[in-house]
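Working notes for the structure below.
The values are calculated or read from the model by the stated rules, or taken from the named source; none is laboratory data. Computed from a predicted structure; not experimentally measured. Cβ placement follows ideal geometry from the backbone for every residue including glycine, while neighbour counts extend to all protein chains displayed.
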Amino acid sequence: MRGGTVPSLRPMVRRPSRVCAGVTLLEVLVALPIMAILMSASSLLLFATLRGLEGRMHAIRTHAEIRRGAVLTRRALAPLRARDLRAVSDSQLEIAEHLTIGILCASVSHTQLVVAWPSAPPGGDGIRSGDLLEFWPRGLDAGTLAPPVERAVRGVASHTGRDALSATCVTGIVSRSIVTVDSIPGALVVGAPVLVRRRQRWLHYRSASAWWIGRRSFDGRQWDGTQPVVGPVNSPHDGGMFVMAWRRDGAAPDQPDSTIILDVTIRRTIPDGGVSSTTSRMPLSGNESSAERPTPDGWSRNVP
């Protein structure tokens with residue numbers, strides 16, 4: 001064709017095909033339900049994983065709490081002697097807990113003593129009315145011990161003077177106190193240790209909808225409020241706290257020189273069906289001559 005282009009060599013313009021558009025729309029319509037199904041399955045898997053992780057974290061926290069309860073129980077029971085055990089039931093334990101050890105410095109009157117404290121008592125609350133003091137009437141030469149004499153504390157005041165005090169009551173001392181008791185036993189030795197004990201009750205109690213193990217202290221007139229120590233634990237029906245004591249040698253319960261075996265069990269059921277449980281077994285010696293070795297800087301025991 002003159003002045004033109006050969007028809008077969010002209011560029012062809014392709015228009016969108018309605019068939020292709022229909023196929024693409026059909027693929028989208030099929031993919032949407034599949035994506036919804038996959039997203040639902042992923043969400044369910046994610047929720048199940050989170051629930052499992054939460055359950056495992058709860059189990060870890062439960063095991064840690066039960067272990068902490070065992071540590072606190074052993075710490076309170078380890079220094080005790082048989083006569084420090086005052087009362088035992090299935091879910092309650094009354095003891096004369098060892099608080100701290102001081103040094104006898106001087107006698108102010110027939111009812112007042114100056115006692116030095118080489119270390120602060122646990123918790124930092126210090127000695128108070130209602131606590132029990134134990135004195136040893138003779139010295140501790142050659143490892144011999146006289147039977148201790150017990151007195152209840154009636155009052156405590158701070159002591160700041162240093163006159164007429166030995167170096168033992170001045171050097172390395174955190175504080176000193178003037179302690180008032182009913183009467184001072186005779187033949188006390190300056191520099192001898194003074195053991196401070198406090199009547200404590202460990203009990204299994206309910207608060208709101210949970211069961212706890214708590215502790216109460218005696219102030220000389222009454223028991224103070226219950227302070228939670230470990231929990232939550234199981235109910236008494238499920239053995240949240242179980243206490244058992246018996247004599248090692250089968251002696252009668254009123255024999256003071258026989259060893260008492262004390263078991264304290266703490267238990268908590270985990271929601272997934274597991275159980276976290278620990279039992280603290282402590283031998284409380286009744287032999288005064290071999291079980292007690294009081295020193296101004298600590299309290300060591302020689303349990304048979």
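Structure above, values below:
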item: Breaking point among (1) farther than 30 Å from Ser276 by Cβ; (2) of a type outside the set (Lys, Arg); (3) at pLDDT 75 or above, for Leu25; result: (3)
item: Residue count for region 164-183, restricted to those that are at pLDDT below 80 and either part of a loop (DSSP other than H, G, I, E, B) or within 9 Å of Ala106 (Cα to Cα) (or both); result: 8
item: Of all residues making up region 35-81, the number that are touching a residue at least 24 places away in the same chain (Cβ under 8 Å) and either out of contact with any helix residue (DSSP H, G or I) (no Cβ under 7 Å at 6 or more places or on another chain) or among the aliphatic types (A, V, I, L, M) (or both); result: 19
item: Some residue of region 31-46 being among the hydroxyl-bearing types (Ser, Thr, Tyr) and surrounded by 11 or more Cβ atoms within 10 Å (Cβ to Cβ); result: no
item: Number of the exception - Leu104 against (1) over 20 Å from Gln227 (Cβ atoms); (2) of a type outside the set (S, T, N, Q); (3) at pLDDT below 80; (4) buried (at least 16 other Cβ atoms within 10 Å of the Cβ); result: (3)
item: Positions within region 50-80 being under 26 Å from Ser258 (Cβ atoms), crowded, with 16+ Cβ neighbours inside 10 Å and out of contact with any His (no Cβ under 9 Å at 6 or more places or on another chain), in sequence order; result: Ala70, Thr73, Leu77
